[in-house]
Amino acid sequence: MITTHNLGFPRIGGKRELKFALERYWKGEIAESALLDVAAELRARHWGQQATLDWVPVGDFSLYDHVLDTSFILGNVPARAGGELPGGELDRYFRIARGRSAIDTQACACVHAGEMTKWFDTNYHYIVPEFEKHTRFSLNADRMLEQIRQARQQHPQIKPVILGPVTYLWLGKSKDGSDKLALLDDLLSAYAQWFHALEQEGVTWVQVDEPVLVVELSDTWKYAFRKAYFQLQTTRLKLLLTTYFGQLQDNLQLACELPVAGVHLDAISAADEVAKIIDWLPSHKILSLGVVNGRNVWNTDLSQTLDWLEPVAARLQHRLWLAPSCSLLHVPVDLLSEQKLDTEIRAWLAFAVQKLDEVKLLAMALNQGRDSVAAQLRENHAAISSRKRSVRVHRADVAARVTTIDESMGVRQSPYPQRAAVQRQKFRLPLFPATTIGSFPQTQQIRKTRLDFRTGKISEPAYRQAMRHEIEICVHEQEILGLDVLVHGEPERNDMVEYFGEQLGGFAFTESGWVQSYGSRCVKPPIIYGDVSHPHDITVEWMRYAQSLTQKPMKGMLTGPVTLLNWSFVRDDQPRAETCLQLALAIRDEVLALEQAGIGIIQIDEAALREGLPLRKSQWGAYLDWAIRAFRIAANGVKDATQIHTHMCYSEFNDIMSAIARMDADVITIETSRSNMELLDAFDQFQYPNEIGPGVYDIHSPNIPSVESIVASMQQALRRIPAQRLWVNPDCGLKTRAWEEVKPALRNMVIASRQLAGDINQSA
């Protein structure tokens, strides 16, 4: 019989219950016990939603981030989170997650939050583990063991999910320059204790996630894998070595030879490796295949999948397990929540609950024959065929326009030095011009007004007037603060991707399709189901009004084509590069419309540029070529006097700075605060040619930066970049922060900017 299981389930709840409980807890509105009750209720509900599987995961739930959970289980907690500060383990946990716990106050000084970056090539963010030469690990797995006991009350067969030791080390950063791998022996001692505790709890199977096996590994790291798993053979636990997001390639033999009871292969990303791993895997090991895409929302073609699975099942028999390709953390919870979604498009989709149904159907067909699920296969075939035939998917005019793209569309009229001189003459900005990334606080009133408009409680004229009022407030506050380049604050926007997708052709939207980005931050990715078009101007009216309120330059805010692509659920019936070109043309239309309306500074956010990189560096070139080409097509149709900005955040950019320079944006604002300006190290070897605004404070923490800390950060930048090419700005948008946090933070930022300019002028 074929076995079914799951690698992980969405944590946030179908109605974002975890998000709201966390935010109430941080505000002091509920006690720790109430937060933990919500978490327990969600876990129980999720186990119930997975009850038809043979094995149910435990330990995939987290209050903030599973990598941070691992750090706490292993006792790897930075000293700044505890010490003399009040509170218990949960307070320490949230101090590292966000810089502050519920019991902390402004006067507390709080702590520097842990660095946050992208989880491989997804839009999920994890808290980076911190290591030093003298780091030592000490096991505390009590919370996981308690969850195992809770889960057993609902399901007889549970499978703990833990992050593997080698991936944990690989994901972390040495804060003192020491060799992370020197910590492996002590780390393995803690893992051995962890495994022993699981064995004592009666666990038989453990899912050990080692996704780093899909990246290029040096011989040293490959040796670390062999050392780790041969040394961990101290219990009778059966380990399922779990990989996802890519191909094993040169690590395939290594994965097969490690002393584990089974291996999971992402058969969506690594379909051509299925036959190879069957040949290499010893006959006593099970093979788990991820046969349903855990990262996208399209139906699985069940008949086509069975065509290649049936011979595999015949060969492996009971040694075959079926699962989604990766954790379902990356998709919404349940399609049944979508009652307003277009019925034709809805029939093409599967969310987490439906994907588990697909896994179950495939197993039933293999165990009992296709006739046992004939009706479901016919329904699935009809949906797959409907999507292929739909006239809504392909548009001849869009396809024709893509064929007209030539290289001149991606080239500015003049090189940067010439147009920079034109822009300085036009804008006459001071040294270290102060600006923000775009959004300002999305207050409860703003959200209520948008909701009232969507539900028909207020008219469109009333809605527009209300949004104009919010723009007036935002512009007025920026004038008082003394910012040099203003933004309109984006009160009319729900999300930087969803807002644009709603007004472009080829996109569909959900009501409850929420996905966790980090902590309590959730996004609702749009669905690109067809060819993308730009039927009308999107931002021009709002920007023209905002500019009318001030004599200072107003910055138009757009989301770039690569970010629209990478932060959406993208159609899988054509290459992503082709969809990105369609998006580039649509954004180009909006850029030119803003310029025509008199907006002289336009920011095109490409926050997701790096996360689209293939996980193997050998494949980066092709992606960067088409991604940067798309950005340049979107941005470079403007005159020299129009200043193009772009923004990037929460990824590792040091190793692609030369590619970022090829974008040829006049100004790039980029996140550097959580990593303590670590990005600037890239400029020791690479002379970035244009202007840059390194993010000087962390907007994802409620902590307010001091003038001194901002000046110190900018002084680090000055050691690499001339003052004439430096801007001062936060590291991301301010929509998630409150005005009482934003005003003092920006006030300090402006003071720091003026202080820096004064110091430069005095020394000149």
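The values are calculated or read from the model by the stated rules, or taken from the named source; none is laboratory data. Source: prediction; values computed, not measured. FYI the Cβ positions are ideal-geometry reconstructions off the backbone, even for glycines, and counts take in every protein chain you see. SASA here: full protein model, heavy atoms, side chains in, ligands and nucleic acids out. Shrake-Rupley method; radii C 1.70, N 1.55, O 1.52, S 1.80 Å.
Short version: ³J(HN,Hα) in whole Hz for each residue of region 207-215, in order, from phi by Karplus 6.51 cos²θ - 1.76 cosθ + 1.60 (θ = phi - 60°), x for Gly and Pro, what are they?
Couplings: 8, 10, 7, 10, x, 5, 5, 9, 10 Hz.
Which value, in Å² and to the nearest 10, is the accessible area of residue 33 when all protein chains are kept and the probe is 1.4 Å?
Spelled out: residue 33, probe radius 1.4 Å, area about 80 Å².
Students often forget the sequence filter, so: which lysines lie under 20 Å Cα-Cα from residue 743 once same-chain residues fewer than 8 apart are removed?
27, 552, 555, 735
Residue farthest toward the positive end of the dipole of region 158-221, with Cβ of Lys/Arg at +1 and Asp/Glu at -1: which of 218, 193, 171?
Going by the charge dipole, the pick is 171.
Treating only the Cβ of Lys, Arg, Asp and Glu as charged (+1, +1, -1, -1), what charge dipole size does the chain show about its Cα centre? Round to the nearest 20 debye.
520
Cα to Cα, under 19 Å, and not fewer than 8 places away if on the same chain: which lysines meet these conditions relative to residue 457?
Those lysines meeting the cut-off are 340, 448.
Taking H placed 1.01 Å from N in the peptide plane, check which residues at least 5 places from residue 505 or on another chain put their amide H under 5 Å from its amide H.
Long-range HN contacts for residue 505: 533, 534.
Taking θ = phi - 60°, what integer Hz values does the Karplus form 6.51 cos²θ - 1.76 cosθ + 1.60 yield along region 288-298, in sequence order, with x for Gly and Pro?
Each residue of region 288-298 in turn: 9, 10, x, 9, 10, 5, x, 10, 10, 10, 7 Hz.
Between region 530-561 and region 367-431, what is the C-alpha centre distance in whole Å?
Value for the Cα centre distance between the two parts: 20 Å.
Remind me, relative contact order of the chain in percent, using alpha carbon pairs under 8 angstrom and six or more residues apart?
Averaging sequence separation for qualifying contacts and normalising by length gives 13 percent for the chain.
Go ahead and estimate [θ] at 222 nm for the chain from helices alone: -39,500 (n - 2.57) per DSSP H run with n ≥ 4, summed, over the residue count, rounded to 500.
Helices in the chain give a 222 nm mean residue ellipticity of -12500 deg cm²/dmol.
What lysines sit close enough to residue 133 to cross-link, taking a C-alpha to C-alpha distance under 21 Å and skipping anything fewer than 8 places away on the same chain?
Filter leaves 173, 175, 180, 227.
Evaluate the relative contact order of region 562-656 (contact order divided by residue number), counting alpha-carbon pairs under 8 angstrom at least 6 apart; express in whole percent.
41
Just the Cα atoms of region 266-327, one point each, no solvent: what log10 I(q)/I(0) does Debye give at q = 0.11, 0.13, 0.16, 0.26 Å⁻¹?
After summing over all Cα pairs, the log10 values are -0.23, -0.33, -0.49, -1.24.
Suppose all protein chains stay in the model; what accessible area per residue would a 1.4 Å probe give for region 575-664, in Å²?
27
Nothing charged except the Cβ atoms of Lys and Arg (+1) and of Asp and Glu (-1): what's the magnitude of the dipole of region 130-197 about its Cα centre? Round to the nearest 20 debye.
My answer is approximately 280 debye.
So who's got an amide H within less than 5 Å of the one on residue 292, skipping anything under 5 residues away but keeping other chains? H placed 1.01 Å off N, in plane.
Result for residue 292 returns 323, 325.
With +1 on each Lys and Arg Cβ and -1 on each Asp and Glu Cβ, and nothing else charged, work out how big the dipole of region 1-41 is about its Cα centre, in Debye to the nearest 20.
220
Measure of size requested: the Rg and Dmax of the chain, with Cα atoms as the atom set and Å as the unit; please supply both.
For the chain, the Cα radius of gyration and maximum Cα-Cα distance read 26.1, 84 Å.
Could you derive backbone 3J(HN,Hα) for region 263-272 from the dihedral phi with the Karplus parameters 6.51, -1.76 and 1.60 (θ = phi - 60°), listing whole Hz in sequence and x where the residue is Gly or Pro?
Values per residue, Gly and Pro as x: 10, 9, 10, 6, 7, 7, 7, 10, 4, 6 Hz.
At R0 = 22 Å, how high is the FRET efficiency between residue 480 and residue 738 if r is their beta carbon distance? Nearest 0.05 is fine. Please list the in-between numbers first.
Working: r = 17 Å, r/R0 = 0.77.
Rounded to the nearest 0.05, the efficiency is 0.80.
Along the charge dipole of the chain, which of 117, 750, 303 sits closest to the positive end, that is, farthest toward it, with unit charges on the beta carbon of Lys, Arg, Asp and Glu (+1, +1, -1, -1)?
750
Not counting ligands, DNA or RNA, and with a 1.4 Å probe, what is residue 469's accessible surface area in Å² rounded to the nearest 10?
Answer for residue 469: close to 90 Å² accessible.
In region 222-326, what percent of the accessible surface is made up of carbon and sulfur (1.4 Å probe, ligands and nucleic acids excluded)?
So the carbon and sulfur contribution to the accessible surface is 49 percent.
Could you do me a favour and compute the accessible area per residue for region 286-416, 1.4 Å probe, result in Å²?
45
Heavy atoms of the protein only, probe of 1.4 Å, neighbouring chains included. What is the accessible area of residue 361 in Å², nearest 10?
That residue has around 40 Å² of solvent-accessible surface.
Enumerate the amide H contacts of residue 646 below 5 Å, restricted to partners 5 or more residues apart or on another chain; note that Pro and chain-start residues carry no placed amide H.
HN-HN under 5 Å from residue 646: 604, 667, 668, 669.
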